[in-house]
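S.K.: Structure below; questions to follow.
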Amino acid sequence: MERVLITGGAGFIGSNLSNFLDKKNCKVTIIDDLSIGRKKNVQNKKINFIVSNIKNINELKKIGNFDTIVHLAAKAEILIPKKDEKKYFETNIEGLQQVLNFASQKKVKKFIFASSASIYGDTKNVKVRENFVQNPKHYYAYTKYIGEKMIEKYCKNNDINFSILRFFNVYGPNSTAVVARFVAQHLQNKPITIYGNGLQKRDFIHVNDLNRVILKIINTSKGNNQIFNIGSGIAKRILDLKNIIAKNHKHILLEKRSDDIEISIANIYKVKKKLNWKPIITFQKGLNEMIKLDRYKLQNMRLPTINSQKKLLKKFNKLK
Ligand SMILES: NC(=O)c1ccc[n+]([C@@H]2O[C@H](COP(=O)([O-])OP(=O)(O)OC[C@H]3O[C@@H](n4cnc5c(N)ncnc54)[C@H](O)[C@@H]3O)[C@@H](O)[C@H]2O)c1
């Protein structure tokens, strides 16, 4: 039985992954400080739940030993006030270093890291391959970029196999990101708010497809010491996304987030070939399932007012 530690396991991806791996006969432990994630996202009693900041991971007694760590814990918003950049550094860089030290002390065999498509920056309408030039634009993307470099070096020096996964836009149950937000705005009969002109292209991947690729990496050596794009390879404009969710519903175009990427689409040739994996959940099917499972949550999701979004955008854009 594989012993897997998932940091950030109470968040969107972590909660889905924990339940998935538990069903696939892994012994799952979660560490999460509940700064964003919620304990009720993981109600499975077989999963060992440790409430702690990852920065303190090395001081935790009785945490046990693991074969694999899936490191998801991170601060992961793009639109952040300047005063929060320090928190991003503390979690995404210092926190990562603590988890790497833990992995080395515990002689963990595999370290799987949630990186982000945002490290590529603007990609000029091409489907990016893993060796595409990296030009992170905003602070969050920088922390992921630096995180990748730390992991490559540290894992090589300490004999740990690593897999770096550059997630594109992940959606599914428990998410609060753009797909969930648009659905919530629709269900709550509020205008759907779009940053910029809505012509930005994004690549949406369902969290269950992502779970399947992580399981493959855990169970085989084929993903060892590799970087993979994890997306669908299919581009959708944000306005099209809005129309798929609610064609005749009112929408409002807000100011563009400065440094926002125009186009983000994955080339997934490498992961298909090396891991014999491909996404199997169509967007429409994934969306319907998500609405079915999360309807109540989405109907009651707290949404920022249009004015508060405008204010935050102004502040954020002024700094650039
Ligand atoms: N969701 C996406 O589309 C997407 C895309 C690219 C990359 N990623 C990356 O995948 C990972 C998971 O994303 P998510 O969407 O599930 O985010 P999320 O915010 O829902 O989950 C992150 C979890 O980490 C926890 N956490 C944050 N700081 C912590 C700390 N210092 N100590 C312990 N726990 C802490 C939070 O409480 C939360 O439960 C993140 O690293 C994110 O950057 C996500």
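S.K.: Which translational diffusion coefficient, to the nearest whole µm²/s, is obtained for the stretch 184-290 from the Stokes-Einstein equation, given a Kirkwood hydrodynamic radius over C-alpha pairs, 4 °C and 1.567 mPa s? Walk me through the numbers on the way to the answer.
M.R.: Numbers: Rh = 15.7 Å.
For the chosen part, D equals 83 µm²/s.
S.K.: What does the convex hull of the alpha-carbon atoms of the chain project to on average, in nm²? Before the final figure, lay out the partial values.
M.R.: Details: hull surface 61.0 nm².
Seen from a random direction, the Cα hull of the chain projects 15.2 nm² on average.
S.K.: Helix 139-157 versus the longest principal axis of the chain: what is the Cα-based angle in degrees, 0 to 90, to the nearest 10?
M.R.: 20
S.K.: Now a separate question. Using +1 at the Cβ of each Lys and Arg and -1 at the Cβ of each Asp and Glu in the stretch 3-318, identify which of ASN135, THR123, LEU5 lies farthest towards the dipole's positive end.
M.R.: After comparing all options, I get LEU5.
S.K.: So which aspartates and glutamates pass the test for LYS292, namely a Cα distance under 20 Å, with those fewer than 8 places away in the same chain ruled out?
M.R.: Hits, sequence-local ones excluded: ASP209.
S.K.: How far apart, in nm, are two points set 7 Å out from the Cα along the Cα-to-Cβ line at LEU293 and at ILE244?
M.R.: Result for the modelled spin labels: 1.7 nm.
S.K.: Same structure, new question: If one computes P(r) from the Cα atoms of the stretch 9-99, what percent of pairs lie at distances over 16 Å?
M.R.: Values: 2271 of 4095 pairs.
For the stretch 9-99, the fraction of Cα-Cα distances above 16 Å is 55 percent.
S.K.: Treat every Asp and Glu Cβ in the chain as -1 and every Lys and Arg Cβ as +1, leave all other atoms uncharged, and give the resulting dipole magnitude about the Cα centre to the nearest 20 debye. Could the numbers behind the result be given before it?
M.R.: Working: 60 positive and 25 negative charges, 98 e Å.
Here the chain has a charge dipole of around 460 debye.
S.K.: Could you report the chain's accessible area per residue, 1.4 Å probe, as an integer in Å²? Kindly include the intermediate steps, with their values, before the conclusion.
M.R.: Numbers: 15380 Å² over 320 residues.
For the chain, the per-residue accessible area is 48 Å².
S.K.: Any of LYS23/LYS156; LYS39/LYS278; LYS109/LYS274; LYS250/LYS285 with alpha carbons more than 28 Å apart? Name them for me. If you can, show how the numbers build up before the last one.
M.R.: Details: LYS23/LYS156 31 Å; LYS39/LYS278 31 Å; LYS109/LYS274 20 Å; LYS250/LYS285 24 Å.
Long pairs (Cα-Cα over 28 Å): LYS23/LYS156; LYS39/LYS278.
S.K.: Need one number: % antiparallel among DSSP beta bridges in the chain, to the nearest 5.
M.R.: On the way: 2 of 41 bridges.
Here the antiparallel bridges make up roughly 5 percent for the chain.
S.K.: Can I ask one more? Among rounded, prolate and oblate, which fits the stretch 63-116 when a ≥ b ≥ c are the square roots of the eigenvalues of its C-alpha gyration tensor, a/c under 1.5 means rounded, and a/b larger than b/c means prolate? Please report the intermediate quantities before stating the final value.
M.R.: Working: a/c = 3.64, a/b = 2.27, b/c = 1.61.
It comes out prolate by the Cα gyration axes.
S.K.: State, as an integer percentage, the relative contact order of the chain based on alpha-carbon contacts under 8 Å between residues 6 or more apart. Mind showing how you got there, number by number?
M.R.: Details: 588 pairs, mean separation 57.8, N = 320.
In percent, rounded to a whole number, it is 18.
S.K.: For the chain, with all protein chains present and a 1.4 Å probe, just round the carbon and sulfur fraction of the accessible area to a whole percent. Write down the numbers at each step before the final one.
M.R.: Working: 7690 of 15380 Å².
Carbon and sulfur together cover 50 percent of it.
S.K.: Further, regarding this structure: Eigenvalues of the Cα gyration tensor times 5, then square-rooted: what semi-axes does that give for the stretch 27-161, in whole angstrom, largest first?
M.R.: Working: eigenvalues 142, 71, 41 Å².
Computed over the stretch 27-161, the values are 27, 19, 14 Å.
S.K.: At most 14 other Cβ atoms within 10 Å and a DSSP loop assignment: could you name the trypsin sites (Lys or Arg not before Pro) in the stretch 101-157 that fit? Before the final figure, lay out the partial values.
M.R.: Values: sites: LYS106, LYS107, LYS109, LYS110, LYS124, LYS127, ARG129, LYS137, LYS144, LYS149, LYS153, LYS156; in loops: LYS106, LYS107, LYS109, LYS124, ARG129, LYS137.
Sites meeting the loop and neighbour criteria: LYS107, LYS124, ARG129.
S.K.: So what does THR305 come to for accessible area, using a 1.4 Å probe and Å² rounded to 10?
M.R.: 80
The values are calculated or read from the model by the stated rules, or taken from the named source; none is laboratory data. Since the structure is predicted, the reported quantities are computational estimates derived from the model, not experimental observations. Note that we place each Cβ from the backbone using ideal geometry, even for glycine, and neighbour counts take in every protein chain shown. These area figures cover heavy atoms from the full protein model, side chains too; ligands, DNA and RNA do not enter into them. Shrake-Rupley method; radii C 1.70, N 1.55, O 1.52, S 1.80 Å.
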